[in-house]
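Asker: I am attaching a structure below and will ask some questions about it afterwards.
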Amino acid sequence: MWSFIPQLFYDFLARIVPGSIVMVLTAIIIFGLGDFDSFSLSGLEQVEQLTFVRVFIWVLEAYLIGLILGQISEMTLARLLKKKFKKIEKESKTKCLEQHNRIADALGKPVLRIKADDLPAIHSMRNHLRHVDPADAARLLKIRAERRLCEVLIVGFSILWPIDLIFLLLETNAERLILIILIPVLTIIFWARVLRAQRNLANGTTVGWLFRIP
């Protein structure tokens with residue numbers, strides 16, 4: 001059975017973390033710096049065990065926001081990146097297969113008489129690794145989580161930037177002005193990170209699978 005811990009880590013890194021970041025930025029845009037309670041925890045002052053309730057509600061809201069933005073990403077960003085991802089995966093398969101055969105030849109072992117196009121899809125190889133090498137699959141899951149974190153933040157920032165611009169025009173403050181500049185810069189950085197993570201994921205999956213096939 002697939003380990004529960006890696007999946008829990010994926011939910012934390014790919015949903016709760018980006019969801020929390022989007023919540024914080026939304027609070028800064030709407031209410032100003034430091035007034036996060038008014039955004040997500042208003043009306044809870046009289047609740048017993050307030051600290052636990054605050055944390056629970058924060059995590060739940062962050063998870064739901066991350067989940068929703070992730071689905072939006074699947075319908076928008078994923079389609080924009082589909083061709084690019086396929087190109088990256090094809091390049092990775094070709095490169096990794098060549099390197100695998102060079103290592104096998106150097107060690108005096110038989111090389112694989114297949115073409116890169118004959119290799120299974122990356123997701124199929126990754127599913128195979130989940131059964132034959134859970135530790136390596138968990139490492140790949142971390143890369144997937146990092147990629148999804150960046151994808152969710154790209155979508156969230158794309159939504160927040162025009163909202164920030166509107167609020168900035170209505171009432172100028174330093175936080176909103178900084179975000180107007182910072183959000184596009186971070187979006188470019190996360191875009192580059194998505195592509196790099198996809199390449200690392202394709203390389204790691206292909207190498208791991210090649211060394212474990214019969």
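What follows is calculated from the coordinates using simple rules that are stated; it is not laboratory data. Predicted model only: the values in this text are computed from it and were never measured. Ideal geometry is used to build each Cβ from the backbone, glycine not excepted, and the neighbour counts take in all protein chains shown.
Asker: If we keep just the residues of segment 191-207 that are of a type in the set (Gly, Ala, Ser) and closer than 14 Å to THR94 by Cα, which is surrounded by the fewest Cβ atoms within 10 Å (Cβ to Cβ)?
Answerer: If we take residues in segment 191-207 being of a type in the set (Gly, Ala, Ser) and closer than 14 Å to THR94 by Cα, then GLY204 is surrounded by the fewest Cβ atoms within 10 Å (Cβ to Cβ).
Asker: Going through segment 106-120 one residue at a time, which ones are exposed (fewer than 10 other Cβ atoms within 10 Å of the Cβ) and either under 23 Å from the mean Cα position of the chain (by Cα) or of a type in the set (A, V, I, L, M, F, W, C) (or both)?
Answerer: ALA106, LEU107
Asker: In segment 158-172, is there at least one residue being touching a residue at least 40 places away in the same chain (Cβ under 8 Å), of a type in the set (Phe, Trp, Tyr) and more than 21 Å from ILE29 (Cβ to Cβ)?
Answerer: Checking segment 158-172: not a single residue is touching a residue at least 40 places away in the same chain (Cβ under 8 Å), of a type in the set (Phe, Trp, Tyr) and more than 21 Å from ILE29 (Cβ to Cβ).
Asker: Checking the conditions here, which among VAL185, VAL207 is in a helix (DSSP H, G or I) and within 30 Å of ILE28 (Cβ to Cβ)?
Answerer: Only one candidate passes the filter, namely VAL185.
Asker: Here is a check on your reading of the model: is LEU112 in a helix (DSSP H, G or I) and not polar (S, T, N, Q)?
Answerer: Against the criterion (in a helix (DSSP H, G or I) and not polar (S, T, N, Q)), LEU112 does not qualify.
Asker: Do you know which residues across segment 121-144 are of a type in the set (Val, Ile, Thr) and either under 26 Å from VAL17 (Cβ atoms) or within 17 Å of the chain's Cα centre (by Cα) (or both)?
Answerer: Once the filter is applied, which keeps residues that are of a type in the set (Val, Ile, Thr) and either under 26 Å from VAL17 (Cβ atoms) or within 17 Å of the chain's Cα centre (by Cα) (or both), segment 121-144 yields ILE122, ILE143.
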